[in-house]
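Read-outs: derived from the displayed coordinates by stated rules, not from any lab. Small disclaimer: the values here were computed from a predicted structure and weren't measured. Here the Cβ is made from the backbone with ideal geometry for all residues, glycine too, and neighbour counts use every protein chain on show.
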Amino acid sequence: MTDPILLTPGPLTTSADTKFAMLSDWGSWDSAFNSLTASVCRDLLAIVNGQSDHVCVPLQGSGTFAVEAALGTLVPKGGKVLVPDNGSYCKRIVRILGYLGREAVVLSHGEQEPVDPARIDAALAADPAITHVAQVHCETGTGILNPLAQIADIVAKHGRALIVDAMSSYGAIPIDARTLPFDALIAASGKCLEGVPGMGFVIARRTALERSGGNGYSLAMDLLDQWQYMQKTGQWRFTPPTHVLAALRVAIDQYLAQGGLTARLARYTDNCAALVSGMRALGFKTFLPDALQAPIIVTFHCPPDTAYDFNEFYRRVRDRGFILYPGKLTAVDTFRVGCIGAIGADTLTRAVSVMADVLREMGVRRVAHE
Ligand SMILES: Cc1ncc(COP(=O)(O)O)c(C=O)c1O
């Protein structure tokens, strides 16, 4: 049986070599595994040119674990965090801050609106008590790309610290630590690096991490403790995700051999273009205008036809080998299709043709919204 193609933004379709890397067992204390950890961390840091001022701290768990660990470790107990919000992952940051008991100031935007750096500028000028800005780079809830470089400049101008959720952009959309100031950048194994899920990581400014002693609210989520232990022993503090790390090593090898970020962005851009043009030819409308769309995941309006039902559509498309993703918006009926993973534009073209067949079978005639 062949695996379905995952048109979802993590877990996503991985290459045969990446899957194959999980067929070995590793001893967590063994020097071979310690070297693997060190080499992966070195490469993760290099991908954003963070070698001079930053360190890489890996963490067991999904991406949210790493986001929570970064916020909980770096924001002090009396800290106040500005959260520019244009989607569901921004709202998740606000929820995390609530659990952590850290004050959040939400700067609400529409979901079709990129975060406005001028509003951040004004909010920081108006409130000197704000210590940090927590910004989602690519808001995967819709697929919108936020203007991270301008935001980082403004946060730095005000002398505040920036924490970036780069979960779905790291490795595909350029972020250069030498020119874009941040205290933490968070991503995970199973996104644009095309590894398997199970490990997050935080690229943290060394001085900010070193100053964070006493902030930690939880032993398991204390990034300073994780980093210091790793520095001392070369090992993870607690049971590491051995197979995930081994798969990530191979996925990064492929990433570098294929041409690194430039090549990955080019492939995802082609994937996105094939998807969007094919879907538009069927009558689908994208939720976002092209200028705001990141080539990571695309949100489409559901057809207005009464014969359309997402669960039925999903099931039939899945039976033909493609896994779609439900929408994450409450106000409008949408679904999402990911452009990332070890797939090319031909795969997206095939997926569009399967969706066309399924709509025909379901008797969906009206796809376009007037
Ligand atoms: C922008 C962003 N932040 C956070 C997460 C949370 O990651 P996870 O579902 O792995 O916990 C995701 C997952 O897709 C994401 O896209």
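List of remarks:
- Of the cross-linked pairs 77/157; 77/232; 19/77; 191/232; 19/91, those separated by over 31 Å at the C-alpha level are 19/77; 19/91.
- Restricting the range 5-101 to chymotrypsin sites (Phe, Trp or Tyr not before Pro) in coil, as DSSP defines it, with at most 12 other Cβ within 10 Å: 29
- Once the Kirkwood radius over Cα pairs is known for the range 1-96, the Stokes-Einstein relation at 25 °C and 0.890 mPa s delivers a diffusion coefficient of 144 µm²/s.
- Extreme residue, positive dipole direction of the chain, given options 303, 337, 251 (C-beta unit charges): 251
- Compactness of the chain was expressed as the Cα radius of gyration divided by 2.2 N^0.38 Å, which yields 1.00.
- Neighbour counts of other Cβ atoms within 10 Å put 2, 13, 233 in the fewest-to-most order 2, 233, 13.
- Ranked from largest, the principal axis spans of the Cα set of the range 260-362 equal 44, 29, 22 Å.
- FRET efficiency, 1/(1 + (r/R0)^6) with R0 45 Å, evaluated for residue 280 and residue 229 via beta carbons: 0.30
- Trypsin sites (Lys or Arg not before Pro) within the range 138-193: DSSP coil, no more than 15 neighbouring Cβ in 10 Å: 178
- Taking every C-alpha pair closer than 8 Å and separated by at least 6 residues, the mean separation divided by the residue count of the chain gives a relative contact order of 24 percent.
- Helices assigned as whole DSSP H runs in the chain whose Cα atoms extend at least 30 Å along their own long axis and whose mean Kyte-Doolittle hydropathy is -0.5 or higher are found at 260-282.
- Restricted to Cα atoms, the range 94-198 shows a radius of gyration and a Dmax of 14.0, 43 angstrom.
- Cysteines without a disulfide-compatible partner [the chain; Cβ-Cβ under 4.7 Å]: 90, 138, 192, 302
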